[in-house]
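Worksheet for the structure shown next.
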Amino acid sequence: MYGLIGKITATPGQRDALAAILLDGTSAMPGCLSYVVAQDPADADALWVTEVWDSAGSHKASLSLPAVQAAIAKGRPLIAGFGNRVETVPLGGVGLPRTTG
């Protein structure tokens with residue numbers, strides 16, 4: 001499996017609008033096992049996105065999907081910047097198959 005955890009900072013006051021775009025544009029992504037958008041309780045403009053994919057290739061391919069491209073185009077004006085971004089190798093968890101790494 002392949003995982004990503006990243007922080008996105010919205011332009012002031014636009015966090016909820018950006019979250020809605022991220023959630024609406026990601027309903028059908030082949031190979032996506034989990035996609036979670038979360039508010040940062042310590043930063044009124046920040047979101048954390050946690051993704052789990054069956055492979056890095058599936059993640060890369062998702063960036064070409066029309067719905068994902070539309071979400072990127074719609075959300076880009078609401079993004080002030082990106083913070084931490086970490087690639088991970090998920091080992092399993094609730095709703096995910098267990099792997100040996």
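Each residue was assigned an accessible area with a 1.4 Å probe, and for residue 60 the value is about 150 Å². Each Lys or Arg adds one and each Asp or Glu takes one away; over the other residues whose Cβ falls under 13 Å from the Cβ of residue 68, this sums to +1.
Averaging the sequence gap over all C-alpha pairs within less than 8 Å and six or more residues apart, then dividing by the number of residues, gives region 1-58 a relative contact order of 51 percent. Against the chain, whose longest principal axis is taken from its Cα atoms, helix 66-75 shows a tilt of about 30°. Relative to the longest principal axis of the Cα atoms of the chain, helix 15-24 runs at roughly 40 degrees. Solvent-accessible area assigned to carbon and sulfur over region 1-83 amounts to 60 percent, based on a 1.4 Å probe.
Given +1 at the Cβ of Lys and Arg, -1 at the Cβ of Asp and Glu and no other charges, the dipole of region 1-57 around its Cα centre is 60 debye to the nearest 20.
In this view, the solvent-accessible surface of residue 76, computed with a 1.4 Å probe and all protein chains in place, comes to about 150 Å². Taking amide H as placed 1.01 Å from N in the peptide plane, the amide H of residue 83 sits under 5 Å from that of 7, 8, 9, each at least 5 places away or on another chain. Using a cutoff of 8 angstrom between alpha carbon atoms and counting only pairs six or more residues apart, the relative contact order for the chain works out to 43 percent.
The values are calculated or read from the model by the stated rules, or taken from the named source; none is laboratory data. Here the structure is a predicted model, which means the values were calculated and not measured. Please note: Cβ atoms are built from the backbone with ideal geometry, for glycine as well, and neighbour counts cover all protein chains shown. For the accessible areas, the whole protein counts, side chains as well, though only heavy atoms, and no ligand, DNA or RNA atoms are used. Shrake-Rupley method; radii C 1.70, N 1.55, O 1.52, S 1.80 Å.
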